[in-house]
Amino acid sequence: MAAHLSYGRVNLNVLREAVRRELREFLDKCAGSKAIVWDENLTGPFGLIAQYSLLKEHEVEKMFTLKGSRLPAADVKNIIFFVRPRLELMDIIAENVLSEDRRGPARDFHILFVPRRSLLCEQRLKDLGVLGSFIHREEYSLDLIPFDGDLLSMESEGAFKECYLESDQTSLYHAAKGLMTLQALYGTIPQIFGKGECARQVANMMIRMKREFTGSQNSIFPVFDNLLLLDRNVDLLTPLATQLTYEGLIDEIYGIQNSYVKLPPEKFAPKKQGDGSKDLPTEAKKLQLNSAEELYAEIRDKNFNAVGSVLSKKAKVISAAFEERHNAKTVGEIKQFVSQLPHMQAARGSLANHTSIAELIKDVTTSEDFFDKLTVEQEFMSGVDTDKVNSYIEDCIAQKHPLIKVLRLICLQSVCNSGLKQKVLDYYKREILQTYGYEHLLTLHSLEKAGLLRPQPGGRNNYPTIRKTLRLWMDDVNEQRFGLLRALYWYRRCGSQC
Amino acid sequence: MDCYTANWNPLGDSAFYRKYELYSMDWDLKEELRDCLVAAAPYGGPIALLRNPWQKEKAASARPVLEIYSASGMPLASLLWKSGPVVSLGWSAEEELLCVQEDGVVLVYGLHGDFRRHFSMGNEVLQNRVLDARIFHTEFGSGVAILTGAHRFTLSANVGDLKLRRMPEVPGLQSAPSCWTALCQDRVAHILLAVGPDLYLLDHAACSAVTPPGLAPGVSSFLQMAVSFTYRHLALFTDTGYIWMGTASLKEKLCEFNCNIRAPPKQMVWCSRPRSKERAVVVAWERRLMVVGDAPESIQFVLDEDSYLVPELDGVRIFSRSTHEFLHEVPVASEEIFKIASMAPGALLLEAQKEYEKESQKADEYLREIQELGQLTQAVQQCIEAAGHEHRPDMQKSLLRAASFGKCFLDRFPPDSFVRMCQDLRVLNAIRDYHIGIPLTYSQYKQLTIQVLLDRLVLRRLYPLAIQICEYLRLPEVQGVSRILAHWACYKVQQKDVSDEDVARAINQKLGDTPGVSYSDIAARAYGCGRTELAIKLLEYEPRSGEQVPLLLKMKRSKLALSKAIESGDTDLVFTVLLHLKNELNLGDFFMTLRNQPMALSLYRQFCKHQELETLKDLYNQDDNHQELGSFHIRASYAEERIEGRVAALQTAADAFYKAKNEFAAKATEDQMRLLRLQRRLEDELGGQFLDLSLHDTVTTLILGGHNKRAEQLARDFRIPDKRLWWLKLTALADLEDWEELEKFSKSKKSPIGYLPFVEICMKQHNKYEAKKYASRVGPEQKVKALLLVGDVAQAADVAIERRNEAELSLVLSHCTGATDGATADKIQRARAQAQKK
């Protein structure tokens, strides 16, 4: 079911199985039929480790979204709340429980905190007088979710914002916990490297936790040789620039959520003659993107310009494979051909999907505006005219392009210029306030607080020096091959959301 | 080896009993045992003596003295008894001494005479006094049964979880029963008592008369009864000197014996081995000890001294003033090997090994004999097993040597049984040493388990030995060494004469970072002893903040708890302490505490943001954080419904920004206020929706509504840059499709944004005609682009050729489609070729 997780050099299925087992154990603790009330933010991450079928096997009959007032009627013995430890959610739960108590037959309530049980929340439940209603109150440490054969994610989008805007290090704590779980399964990682303040804190917490857990030392031979911790803050540049790999562009344009992407349906309409445009699907097409799909694994990290040639090569291979049937003469040959059919059909389906996606993306990437934006980005990154007001950005504001695009470009310029001159900064800010509304005074303040946007201290720009000494810019990038960069790129979404 | 069986006494045909000395007692008892109340714990446990228990005088010298000794007679504790008269003593399964007083109060003492707790057996017992009491062991723990002066029984099956049960009355009982005992069957405790010739069984519901099957006639009274260690068997001694032995359920008789002694025995206990078919009872009188079983003859011993019997799982311990002996049935393996003229494989192997040591060829003969019978494996096993049952290390060694010798001739003999036996024996020999004084047999040791044995060593404060055993047996640290060290530390913190500093250092030195040691448990113990400072010092070493912090809070060290919680990085923990602190301190102090802890402060701010907005404001105010205060008021302004409220909030925000020296934000906020007022006016005058539009959108809306003058005015008032204004107008006018106005606008002055946008926007509205008008005005840089946009490929080619721009040439070329632009394409190719020639 999750075979793609075991393809990598480390079998991440071990982790997935471990978290699934934990979930099953919890569900079995609550005997009888169950309804789950979901914190909406959790459904996505949970989908990656347990499908509905698993829940169903453990007598989960109904699922609701956590909302105020009363729960929908359900004839079940147990009601389980799956929630993040947030106070505001506790208020809703209390409301649910109280209204349910008035309704009649007694139910068993349980609560599963993800990823951490919180004294604070329990205190709140106690204050609201419902703590006693819960039979099981447990935590489910879903910190690192296996995403792909070589990728784990905490799916915690607000992490950067929490760390740098609110000085709330909860997510660092969770990261450290997750890494401890990882070490419990895959052996203690002998070397830890890190860069940045938050990385240091995570490493410190890990060392601390190691002391706490020394009792349960495991003797598993370490699977990982090194751990490299990077604070997002060390490199604010990468997430600001436009991603140019295939996967990156899908994310830029349509947004990948928990490995799923929603695409406009028109391109995916079954091409049958006679149907006409009568029943074009109106619902967005939802596709899961991970390395389980052979084709996607091949092209996801390629520069988009290289994707086309791969797709056409694939198309030829597949059609050639289908042509084989004409050569199949003997019964044995036909049988062999038929046995390959499902695989070939899957490959054809996958090819069709990606060709459609590539077409969708191409519409965007060939547009002049996309080209202009890339040009400006590249100018900034190579240090051209970063200290003046950029006319493209001006034009974007004047034409009221999406604010996020404008902010990304301005922040990019700020980073590439080690901050903007006060005059330039104020000009941009004024333009944004006037065009997009004064409420963005807070947005801009947040960006400044997080260091994404800042006035240049002392009027010195050391970005060119850094760029040269660290060789940040490569002029002759081989567009066909990006490889490892994916993991780094992945976090860009966290960066762009504060 | 003939003499080895000298102390073996046959009972009937099949069983031998032997008695050997465990220790010569180290104690220096002044009085006879019979003058004391005696209690000895099973499994080689300690012995408690209460001297002068029946002294009524109050003279201090005659006060009873409670003494506790190890099984080898090493004194463990001695204390003057100051409480009421004691009726009975007994040891619980946890090796706690239970002293039942006449008034029904049970005092519980530790092994070292330390008072633990006390409990009462109820009012009824208090009123009627205790006549007799028994301590018995069940699978739940240890129970106490009491016979009161009113001849009623009260019992509790588990003193750890005290539930008193008053047993039903025995009808017509006028005097105390001649003998009684507590029975434990099917997890329920019963009382069996004898009154004259009758036996009664009391359970919690009823009293029933019972008769043992096959009891010899003529019994007028039962003098003594004994239940076996496992509650499976019962023995009754009658006034006719007759002994009945049967199952405790009284359903089956096993055997009987007539000893012809009518004097009541002092003690009667069972002596049988688990899984043995032999049943025997040891009966003791003043100077006589008798082992009787299913045989016409009994074994008799003479007792030189006053002795006391302690029933064990597999035998009986007998101690007196000078010695401590063990009497048991010889185990099968030993019997087979050592019985005179035995031909059992084990016996032959032992012989073979001895011959081998003498370098005699007979060794080979014996070995061959065993091998021919194919019994070598069995022989080795027998030797190993027998070694376990030997008390003397030299015998253990010679048997193990024989086993090891035999093993050499076997291909596949799993070594673990041998290795384990060697280890077990080493442990057993160590604890049997008279300094330690725990004379466990192999079977008892196996029954007790190593964990319990370690606990008992810990209880005796024999920490080094316990640790050595753990290390020797390579027990996992958490179960073994760490646990013992933790116990040691808990004991250490109770030593009040040592300073906090020293105790903490000593503990940390020994424990270090030993895995599985909970410093917080030790600290909790220290706190329990009233040593808060020590507890805090110990908590310093606790790595798990989840354990550390709650205890610190309990000890009212909230500020320390706060810094520990922060160190851990566990934000939930920090919150917990924060809320605790908030309730504990007044607001001012609370804020001051926060001030020194930036992380806590920011977490608390988050909390306030969601839960207590007003407090957030106070926080910012206190810190003079005007920037955040400004932001706070801006956010607040959006919650206001009425425009006046909003403006007021914004004014406060602007003031705050000025104070924060953030002129830009202050000006922007003032602009916002100005805009809000203006929008309000526009709504009043022009109708429509203006509020909360951005400035840009307000101007656009005005243009779309045809209010160009006002739009201009607004743009001037807010100093909208020319460029953006042009874009704005351009977009708005194109949206209106007001081409005339657009053209007028384009000619009003030179466009600051060039004319390409005009072309683009017209094409967007599909107005090629208008677009062409502007295409000609586009500057040379962008002309090609503009011409291509309006579809004039030929002219674009001309311009590109003229400009000799390679990129533009390619661009035009890519727009050349099919036959129509064939000529143009050729032209470009020619121009290129020419350019290259040059």
> Dimensions of the stretch B:270-411 along principal axes (Cα, Å, largest first)?
Replying inline: 54, 31, 23
> Which values of log₁₀ I(q)/I(0), to two decimal places, follow from the Debye formula for the stretch A:70-184 at q = 0.14, 0.15, 0.19 Å⁻¹ with a uniform point scatterer at every Cα?
Replying inline: -0.69, -0.76, -1.01
>> Counting only other chains, and only Cβ atoms inside 10 Å, what mean value do you get across the residues of B:663-672?
In response: 4
> Along the charge dipole of the stretch B:294-433, Cβ charges K/R +1 and D/E -1, which of B:389, B:408, B:333 sits furthest on the positive end?
Replying inline: B:408
>> Under 5 Å between amide hydrogens, which residues at least 5 positions from residue A:81 or on another chain qualify, with H placed 1.01 Å from N in the peptide plane?
In response: A:37, A:110, A:111, A:112
> Which FRET efficiency value, to the nearest 0.05, is calculated for residue B:175 and residue B:13 with the Förster distance at 41 angstrom and r the Cβ-Cβ distance?
Replying inline: 0.40
> For residue B:233, which sequence-distant residues (separation of 5 or more, or a different chain) have an amide H within less than 5 Å of its own amide H, given hydrogens modelled in the peptide plane?
Replying inline: B:228, B:248
>> Run the simple label-point estimate for residue B:625 and residue B:32 please: 7 Å along Cα→C-beta, distance reported in nm.
In response: 8.7
>> Here is the link list: A:423/B:661; B:723/B:747; A:77/A:126. Which ones come out longer than 21 Å on Cα distance?
In response: A:77/A:126
>> Just to be sure I follow: if Rg is taken over the C-alpha atoms of the stretch B:534-688 and Rh is the Kirkwood radius over the same atoms, what is Rg/Rh?
In response: 1.19
>> Please give me the summed charge of the neighbours of residue A:41: other residues whose Cβ is under 10 Å from its Cβ, Lys and Arg +1, Asp and Glu -1.
In response: -2
> Considering only the other residues whose Cβ falls under 13 Å of the Cβ of residue B:366, what net charge follows from Lys and Arg at +1 and Asp and Glu at -1?
Replying inline: -3
>> If the reach is capped at under 12 angstrom between alpha carbons, list the aspartates and glutamates near residue B:277, excluding any in the same chain fewer than eight residues apart.
In response: B:294, B:329
> Taking each residue of A:439-451 in turn, how many C-beta atoms of other protein chains fall within 10 Å of its C-beta, and what is the average?
Replying inline: 3
>> Between residue B:21 and residue B:502, how high is the FRET efficiency from 1/(1 + (r/R0)^6) when r is the Cβ-Cβ distance and R₀ = 35 Å? Nearest 0.05.
In response: 0.20
> Working out 0.36 nm times the residue gap between residue B:304 and residue B:474, then minus their Cα-Cα distance, what length gain in nm do you get to one decimal?
Replying inline: 56.7 nm
>> Given N residues in chain B, what is its alpha carbon radius of gyration divided by 2.2 N^0.38 Å?
In response: 1.75
>> Report D for the stretch B:655-726 in µm² per second (integer): Stokes-Einstein, Kirkwood Rh on Cα pairs, 25 °C, 0.890 mPa s.
In response: 189
> Per 10 Å bin, what is the whole-percent P(r) computed from every C-alpha pair distance within the stretch B:424-519?
Replying inline: 15, 45, 27, 11, 1
> Which value, in Å to one decimal place, does the Kirkwood hydrodynamic radius take for the protein assembly as shown when every pair of different Cα atoms is included?
Replying inline: 40.7
> With respect to the cross-link table entries B:510/B:564; A:373/B:783; A:429/B:729; B:729/B:785; B:750/B:783; A:210/B:556, which display a Cα-Cα separation exceeding 26 Å?
Replying inline: A:210/B:556
> Can you give the net charge of the other residues whose Cβ lies under 13 Å from the Cβ of residue B:265, counting K and R as +1 and D and E as -1?
Replying inline: +2
>> If I take R0 = 25 Å and measure r between the Cβ atoms of residue A:189 and residue A:404 in this structure, what FRET efficiency does the formula 1/(1 + (r/R0)^6) give, to the nearest 0.05?
In response: 0.10
>> Modelling each spin label as a point 7 Å along the Cα-to-Cβ direction, I'd like the residue A:331/residue B:829 distance in nm, to one decimal.
In response: 6.0
>> 7 Å from Cα along Cα→Cβ at both residue B:397 and residue B:287: what's the point-to-point distance in nm?
In response: 4.1
> Looking at the stretch B:789-818, which GluC sites (Glu not before Pro) are in a loop (DSSP not H, G, I, E or B) and have at most 10 other Cβ atoms within 10 Å?
Replying inline: none
> For the stretch A:145-221, what is the charge dipole size about the Cα centre, in debye to the nearest 20, if Lys and Arg each add +1 at the Cβ and Asp and Glu each add -1 at the Cβ?
Replying inline: 460
> Taking Cα atoms, how many degrees apart are the long axis of helix B:393-407 and the longest axis of chain B, rounded to 10 and kept between 0 and 90?
Replying inline: 70
> Where in the stretch B:540-570 does accessible area fall by at least 20 Å² between the isolated chain and the complete protein assembly, at a 1.4 Å probe radius?
Replying inline: B:543, B:544, B:567, B:568, B:569, B:570
> Farthest toward the dipole's positive end in the protein assembly as shown, which of A:97, A:352, B:790, given Cβ charges of +1 (Lys, Arg) and -1 (Asp, Glu) about the Cα centre?
Replying inline: B:790
> Taking the mean number of other Cβ atoms within 10 Å as a proxy for protection, how do you rank B:13-26, B:322-335 from highest to lowest?
Replying inline: B:322-335, B:13-26
> Relative to the longest principal axis of chain B, what angle (0 to 90°, nearest 10) does the C-alpha long axis of helix B:806-815 take?
Replying inline: 90
> Once phi is turned into θ = phi - 60°, what whole-Hz ³J(HN,Hα) does the Karplus curve with 6.51, -1.76 and 1.60 give for every residue of the stretch B:447-462, x standing for Gly and Pro?
Replying inline: 5, 6, 6, 5, 4, 5, 4, 4, 4, 5, 5, 4, 4, 8, 6, 8
>> Can you work out the Karplus-derived ³J(HN,Hα) for every residue in the stretch B:823-837? Use 6.51 cos²θ - 1.76 cosθ + 1.60 with θ = phi - 60°, whole Hz, and x for glycine or proline.
In response: 4, 4, 4, 4, 4, 5, 4, 4, 4, 4, 4, 4, 4, 5, 4
> Considering only DSSP beta bridges whose two residues both sit in the stretch A:137-235, what percent are antiparallel, to the nearest 5?
Replying inline: 40
>> Skipping prolines and chain starts, which residues have an amide H placed within reach, meaning under 5 Å, of the one on residue B:312, given they are 5 or more residues away or on another chain?
In response: B:317
> Of the chymotrypsin sites (Phe, Trp or Tyr not before Pro) in the stretch B:386-485, which ones lie in a loop per DSSP and count no more than 14 other C-beta atoms within 10 Å?
Replying inline: none
> Hey, any idea what % of the protein assembly as shown's accessible area is carbon plus sulfur with a 1.4 Å probe?
Replying inline: 51
> On full extension of the chain, what length is gained from residue B:836 through residue B:368, given 0.36 nm per residue of separation minus the C-alpha to C-alpha distance?
Replying inline: 157.7 nm
>> Treating only the Cβ of Lys, Arg, Asp and Glu as charged (+1, +1, -1, -1), what charge dipole size does the stretch B:368-457 show about its Cα centre? Round to the nearest 20 debye.
In response: 160
> In Å and whole numbers, how far do the C-alpha atoms of the stretch A:1-157 stretch along each principal axis, longest first?
Replying inline: 54, 31, 22
> Full extension from residue A:75 to residue A:392: what is 0.36 nm times the residue separation minus their Cα-Cα distance, to one decimal in nm?
Replying inline: 108.1 nm
> Can you give the % of DSSP beta bridges in chain A that are antiparallel, to the nearest 5?
Replying inline: 25
> What quantity of accessible surface, computed with a 1.4 Å probe and excluding non-protein components, is buried in total between chains B and A, in Å² to the nearest 100?
Replying inline: 4200
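The values are calculated or read from the model by the stated rules, or taken from the named source; none is laboratory data. No experiment lies behind these values; they were computed from the predicted model shown. Positions of Cβ are generated from backbone atoms using ideal geometry, with glycine treated the same way; all protein chains shown enter the neighbour counts. Remember, those area values only see protein heavy atoms, side chains included, never the ligands or the DNA or RNA. Shrake-Rupley method; radii C 1.70, N 1.55, O 1.52, S 1.80 Å.
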